[in-house]
Structures are given as C-alpha cells and as structure tokens.
Amino acid sequence: MTDHTFDLVVLGGGSGGYAAALRAAELGQSVALIEKDKVGGTCLHRGCIPTKALLHAAEVADTAREASAIGIRASFDGVDAAGVRAYREGIVAKKFKGLEGLIKARKITVVTGEGRLEAGPAVRVGDDLYLGTDVVLATGSYSRSLPGLEIGGRVLTSEHALALDEIPERVVILGGGVIGVEFASVWRSFGVDVTIVEALDHLVPNEDIALSKALERAFRKRGIASSLGVRFQGVTQTSESVTVTLEDGKTFEADYLLVAVGRGPATAGLGFEEAGLTIDRGFVVTDERLRTGVPHVWAVGDIVPGLQLAHRGFQQGIFVAEEIAGLSPVVIPDAQIPKVTYSHPEVASVGLTEAQAVEAHGTDGVVAYEYNLAGNGKSEILGTAGIVKVVRVKEGPVIGVHLVGDRVGELITEGQLAVGWEAHPEDIAPFIHAHPTQSEALGEAFLALAGKPLHAL
C-alpha cells in the first residue's frame, strides 16, 4: 500500500472534475485527478458532444432533403449509419486528445481506477491512498430508469442509442425532456417514425409554457407524435420489437424503446456516507459554496442538487478551485445558468419563466413580451419559426429570457448577461444588433418592453 499526497485530489474526471483540476493547477496546486474510465466523462464521450454531432448530421440530412425549396439541386439518398458513427467518434477522439494534452501540460497526475472516499480526506484506488489537503467529489450521473423497467435488449438508454449500428424504422421515447426531445429530433431527421411518451402535460416541461407549446407545434409539423399527460405502465419485447403500454390502455409498437427519464447522481458505493457526508435522495448535500459537511471535502456537478448541465459543472469546478485558493469567487445561482435543448427547433432559456416570475412578484408585478421570429429577416432566410419571450419585473430588471427556433442557443448568452446583470430593458434598448441577425429578435423584445417597439405593433 502506497500513500500519495497532493494539494487537491479530484474524484471524477468529467466536466466538473477536470475543470476543478485545471483551475487548481493553474493556481499552483499539485493535483491528482482520479477517473475510472476516460477524462471528459459522460459529456465528452456519451453525452453533449456525440449527441450534438448527431444533431448536426441530422441538420445536414434535412438541408439536403429540402434543398430544392431554395433553388438548390440536391438529393437525399439516405443515412449511412456507419459513416455517421465514424464522424461522431472522430469529433470525440479529437476533443479527447486535446483534453489529455491540456491536462498533461498543467502537470496534473491522472490516476486510472475506481476511487472510494475515505477519512483524511483521501481517496483510495486499489491499494493506493491519495491524500489531499482538499478533496473534490465530481462523480457525475447515470441514466435513470423507472421502477420495474429493466434496461436491455430493445429497451435502451441514451448511451445504448448512441451505440446503435442501424437506423430503426420506429422508436418510442419515454420522456419528453432534453434527452428525449433531442433524440426524437435526430431520428425524425433520419426518417424514423417517432413517438414521445411524456407523463406531464407538455414537452420540455421545465421550460416556459410558451416554449413548450411552440416546440410541440413544430414537432407535430415535422411528424413527431407525442402522448402527453398519461403515465407509462409497462413494456414487453420480442427479438423483433417492443410494445409499450400506457396507464390508459393505449399501446405503441416500435423497434426500440428509448428510456429518457432523466439522470441520477452517481454516489452509491463510493464511501460518501461512511466518510460522514450527508446524502439526500442520492445527492450530496452542500452549502451554497459547495462545501460538504466534512471539512475540506467539496462536491460539484451532477451530484449536487440542481441543474444537471455540463457548463454548470465547469462553473462549479472553477468556483471550488478558486474558493480553496482563497479568491472568494461569486456564487452563480442556477437561475442564471443558461439551458439549451439542441433539437430542431432549439429551445434556450435563462432566468425565471413567466409563471415563476408571477409566483415571486405577483401578477401585477410582472410584464412579459413575445416577439415572433416571423418578423426577423435572418430567421425567415433560415426558414425557422419560433419566438423570443422576455420577462421583466414591472418597471424593473429583466428576470427571464426564453427562445425557441433554429440556432437560438447561440443567442442565450446575451440573455444571461441581461438577467445576471439585472439590466432594465431601457438600459439595453439603445444597443444596436447587427442586421440581419437572429439576435435582432432579442433587441426587438427589449425595445418593446422599453416602450418603443420598432418592427412590431
């Protein structure tokens, strides 16, 4: 048994873990980064990056299929599943190599193996003990299922769906959140018959209701079917197909069932409770500065209650490294973290929904404005419908920005700045957006809320 001592020991090499390691090393600390698989975690290898590569391939398929509408002679001959997979894996491999090089350049010690938290604080990997002045826990998340719903055969998680070597003919997706909606969008672009089963009343139910309804309209137009407001009851499968049954007795038959009901915190069996941490429904309980109840032990990313987003993990990893170094970084609440669903059309938001704003400030204390992308020249050129919705406190700051439409994910940073800096529409209205751009749609909404709309009545 060998003991190794570092300033910082990080358990988990995903978004939050490697961000903490990189920033700590940048600040002069010696760092050990412990990862049982590959640095980059779910986001790089099985989540954000490969799924967005798929979504780009889907966009290209749609562009080829619809080229004649804009006077371009092109033909769509189908999807080469092996070719798409090679493209996707090439993107991931390149990003992985770059990350490995960055970690090496920062002189971070990477330890491959399964770690377990122990007193010290320390992390044990096999017979070796890695002691840190501080330990950061960043063990990420896993694909959830439902009680009694076993994964296997033709019942898939998102990881299994990525590994498929075929383009199926029919798919049922259980769950209308981000993961389910994105896979539905990809498969439909590839020519698959898709049905989404969502127990709640709307797709992307955590978004503002205006965005949910707009996405549902767009999906209906694309031929994506949805069953909303009825719970899943069970599934049976054969070697050829699955049959999904809902609580109202309705059934759907498909080649595969994708289970996309969210992700759970990966904390079981890692020694967290034995080391004195408080665990609530699998999540690690921390204070607002990400300190656990055990001195010098911190937690970041998907194991901390709140939004499960890679960029939240990045931010929290950087935050903890700077907090340990005594830099007193600013706490960023989840409401100020942007969210993007990369479907066709995209959904993006930051801040409070109108309903949340009304709950916080009262019906008479909130003003909301919707600008239709039909009035935006660049959106018309791109052929995308959608809306921009901005919510403000009456005679006060912008507290929510919500968008739906192709490529609107690229606009949400401006919304984040407005919400994070508590800007009033009157403050933003004088700033000019380049023409023609989709960003003008945000400018139009700010102008309208400031009482001087330009291209709207």
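Here are some notes:
- Within the range 350-361, being open to solvent by less than 40 Å² (accessible area, probe 1.4 Å) and more than 29 Å from Thr51 (Cβ to Cβ) holds for one residue alone: Ala357.
- Here Val235, Val285, Val244, Val261 are screened, and the one residue that is closer than 30 Å to Gly14 by Cα and crowded, with 17+ Cβ neighbours inside 10 Å is Val261.
Quick grid of which residues meet (1) open to solvent by 60 Å² or more (accessible area, probe 1.4 Å); (2) closer than 29 Å to Glu410 by Cα; (3) of a type in the set (Lys, Arg); (4) under 19 Å from the mean Cα position of the chain (by Cα):
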{"residue": "Gly301", "(1), (2), (3), (4)": "no, yes, no, yes"}
{"residue": "Val304", "(1), (2), (3), (4)": "no, yes, no, yes"}
{"residue": "Leu307", "(1), (2), (3), (4)": "no, yes, no, yes"}
{"residue": "Phe314", "(1), (2), (3), (4)": "yes, yes, no, yes"}
{"residue": "Phe319", "(1), (2), (3), (4)": "no, yes, no, no"}
{"residue": "Val330", "(1), (2), (3), (4)": "yes, yes, no, no"}
{"residue": "Val340", "(1), (2), (3), (4)": "no, yes, no, yes"}
{"residue": "Ala348", "(1), (2), (3), (4)": "no, yes, no, yes"}
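- Within the range 265-282, residues that are free of Cβ contacts under 8 Å to residues at least 12 places away in the same chain have Cβ atoms under 6 Å from residues that are part of a strand (DSSP E or B) and open to solvent by 30 Å² or more (accessible area, probe 1.4 Å) in these pairs: Glu273/Ile279, counting only partners at least 6 apart in sequence or on another chain.
- Count of residues meeting criterion [touching a helix residue (DSSP H, G or I) at 6+ places or on another chain (Cβ under 8 Å) and either loosely packed, with under 15 Cβ neighbours inside 10 Å or in a helix (DSSP H, G or I) (or both)] in the range 165-186: 9
- Taking the listed residues Ile34, Ile70, the one that is open to solvent by 60 Å² or more (accessible area, probe 1.4 Å) and over 14 Å from the mean Cα position of the chain (by Cα) is Ile70, with no other qualifying.
- Hey, Gly400 modelled with pLDDT of 95 or more, surrounded by fewer than 18 Cβ atoms within 10 Å (Cβ to Cβ) and either in contact with a His (Cβ under 8 Å, 6 or more places away or on another chain) or part of a strand (DSSP E or B) (or both) or not: no
- So Ala268, is it surrounded by fewer than 15 Cβ atoms within 10 Å (Cβ to Cβ) and not hydroxyl-bearing (Ser, Thr, Tyr): yes
- Residue match in the range 2-13 (condition: touching a residue at least 40 places away in the same chain (Cβ under 8 Å) and either out of contact with any strand residue (DSSP E or B) (no Cβ under 8 Å at 6 or more places or on another chain) or within 17 Å of Leu162 (Cβ to Cβ) (or both)): no
- Those strands (runs of 3 or more DSSP E) lying entirely in the range 65-153 with at least 1 residues farther than 30 Å from Ile324 by Cβ and in contact with a His (Cβ under 7 Å, 6 or more places away or on another chain): none
- Test for Asp364: is it under 25 Å from the mean Cα position of the chain (by Cα) and either open to solvent by 40 Å² or more (accessible area, probe 1.4 Å) or of a type in the set (D, E, K, R) (or both): no
- On inspection, Ile381 fails the criterion of being over 16 Å from Glu207 (Cα atoms), at pLDDT below 95, open to solvent by 30 Å² or more (accessible area, probe 1.4 Å) and β-branched (Val, Ile, Thr).
- Subset of the range 37-53 (residues that are over 10 Å from Gly14 (Cα atoms), open to solvent by less than 20 Å² (accessible area, probe 1.4 Å) and in contact with a Ser or Thr (Cβ under 8 Å, 6 or more places away or on another chain)): Gly47, Thr51
- Residue selected from the range 409-433 under the condition touching a helix residue (DSSP H, G or I) at 6+ places or on another chain (Cβ under 8 Å) and assigned to a loop (DSSP other than H, G, I, E, B), by the criterion surrounded by the fewest Cβ atoms within 10 Å (Cβ to Cβ): Ile432
- Close pairs (8 angstrom Cβ cut-off, 6 or more residues apart or separate chains): free of Cβ contacts under 8 Å to residues at least 12 places away in the same chain in the range 244-256, surrounded by 18 or more Cβ atoms within 10 Å (Cβ to Cβ) and part of a strand (DSSP E or B) anywhere: Thr251/Val244
- The range 20-39 residues that are in contact (Cβ under 8 Å) with a residue 12 or more places away in the chain, paired with ones that are of a type in the set (Ser, Thr, Tyr) (beta carbon under 6 Å, 6 or more apart): Ala32/Thr109; Ala32/Tyr130; Val39/Tyr18
The values are calculated or read from the model by the stated rules, or taken from the named source; none is laboratory data. Everything numeric here is computed off the predicted structure, so don't read it as measured data. Here the Cβ is made from the backbone with ideal geometry for all residues, glycine too, and neighbour counts use every protein chain on show. All accessible areas refer to the heavy atoms of the entire protein, side chains included, with ligands and DNA or RNA removed. Shrake-Rupley method; radii C 1.70, N 1.55, O 1.52, S 1.80 Å.
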